[in-house]
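What follows is a short report on a single structure.
The values are calculated or read from the model by the stated rules, or taken from the named source; none is laboratory data. Here the structure is a predicted model, which is why all the values come from computation and not from measurement. Cβ atoms come from the backbone with ideal geometry, glycine included; neighbour counts cover every protein chain shown.
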Amino acid sequence: MIVLSIGLSIAQIVLTEIKASGDATSSHQAYLAAETGMEEAALHLKSGGGSPGTVVDLGGGRKYYYTIEHKKKWTKADSISSGFDNVSNMTGGEYSQALAVDSKGNPHVAWYQVNGAEKNIYYKKWDSVSGSWVSIKGDTVSYLVAICLTNDASNLPNFACGGDEMAVSISLVLDSSDFPHIAWMGRRGKFVTPHYSSIKYTKWDGGKWAKAGGGTGCYTGAETYGCDTLDIDSRYSISPKILMGSDNVPQVIWRDAKSASAVGYEYFYSKYISGIGWVKSNGVILGSDILSISTGIGSDYFAVLDTNNRPNFVFEEASQACDGCVTTYGLFFTKFNGTNWVKADNVTVGKDNVSAPLGNASYFRNFYLFLQGDIPHIVWTKDSSLYYRKWNSSTNNWTKANGDIACDEISGGVTPYIVTRPVIAVGGDGIPHVVFAGEERITYRKWAPLANAWRGANEISTYDTLSSSYYETSPCQVDVRVDSSNRPSVFFVHEELFGAGVLARMYFSTWNGNKWVKADGTTDGPEVVFSGLRSGSPLENTFNLTTDKTGDYHLAFTSSAVIYSRLVNEGTKIIVKGEFNQVQRSVEFTL
């Protein structure tokens, strides 16, 4: 027996001679082929897994092949212990968690904490060396990011992180040094008039929480930590989202009320350029771009970066020609091409009305944008139906999945019910996958080109129902991801009344090529990742989901605590066989 460390884990190596014919030299060469294959197989597994049965010709008649047995399971951050971590582990209520994963696959979590009158923002990350959740400084004490003053009218300036506790929203990204950048909504106390709020930003500069330019001062200007205030008016700014690409430039989008009375919203964009400050998209003029239509009243948005680190933006907006007139609605798309905010053709200045074929007489809500190869795919709801369009560069138009210039009604053929919170993901093959919630069910559909129709995962059934019973009074959060094999995985929250409280469950299911299964790849799904009982109204819980570069899923979930869990590939056995001059030897190691 040989014990070998390959940067992945300690592996037990068992050498087995399968065919002993031939001379000693051939036998030795066969062993070398197997040994070389074993090391490469382990490296493949470390980087995400090799394909079973891979054959590699090493030259000179030497070759090897290997097979990998996998199982998957949900674990704590250590990737070993089954279950989940209570990351916050504090008294009080935790809300608005945000999640990011660094280059080493370690999770970072930020959340908003309410403990009586104290309302603060906290941050932790997983340290794989010590095997514990630590602060940015590496200790188990300094979790606090921003001290948000209490709602006491005598304590001015009086910005609480969230005002009425649950109004806060947090966004978290990591730069190429794995340093966190956090944005949040800072609101004046509820006893202060007007109740306006601002968008705050801070980053870790290697030694402290600081402004984008490195300075300190945040709410009063006297703090030892620093944060920037991005908006400059006295209105109601909410829903910040940080975008950061490979250039490490923080870009922030948020909504701001059109007036101090917080009736109707406009959308704003700003980015930080070192040596200049927070500037408009042109990178020169200080301030922020207004992305809204001048007569519009916005309600929500979604934004992602393309491969050039440029923002793509979709938003719903309403307009009224006069007081008392009929309000018209539209779903719009725009992106920055390096010079201007343009339509999807990347040339024409302005915004595309993606929903135009459906008319503008009703709400367009619950939408989601996904970029695949910088091609935008959008799903949204109108009334109780769900629609889809993508940008087709060959026809230079927004089209259905089959290329027709119209909109796909994805909810068509599904038993009628109100559609909420659709999410779309597109695989490397360009096939869109959509999951959505509604009255008493979670539904999945994908585009099936051969059938020229939206179908279930097997491309035969009309649709897949992943859950057919849950407590429904408002939207339920769902998500879908597509792996490197173009197979979907679905996540959703199920909540129901349970005595005087609410039973909240986080569910997961993945398609194994034949059926929807649990993480182990064989047992019928879905499975419960987390279950907890809490007080309050149903369907308040939300989750954050991200994927690391190996394909592992990471979840953060709030249910009277900030819960974290990850889905890991656990290789149980690798068998590598080497051959030389018809002599075969095999090495087997268990991880």
Of the listed residues (Ile285, Ile276), the one being loosely packed, with under 14 Cβ neighbours inside 10 Å and modelled with pLDDT of 95 or more is Ile276
Only one of Ser294, Ser394 is farther than 24 Å from Met244 by Cα, modelled with pLDDT of 80 or more, outside any strand (DSSP E or B) and not charged (D, E, K, R), namely Ser394
Exactly one of Tyr196, Tyr225 is closer than 17 Å to Ala110 by Cα, over 25 Å from the mean Cα position of the chain (by Cα), at pLDDT below 90 and not β-branched (Val, Ile, Thr), and that residue is Tyr225
Note on the range 309-327: residues at pLDDT 65 or above and either closer than 25 Å to Tyr388 by Cβ or of a type in the set (Phe, Trp, Tyr) (or both) are Arg310, Pro311, Asn312, Phe313, Val314, Phe315, Glu316, Glu317, Ala318
When the range 61-83 is checked residue by residue, the ones that are out of contact with any Lys or Arg (no Cβ under 8 Å at 6 or more places or on another chain), modelled with pLDDT of 50 or more and not β-branched (Val, Ile, Thr) are Lys71, Lys72, Lys73, Asp78, Ser81
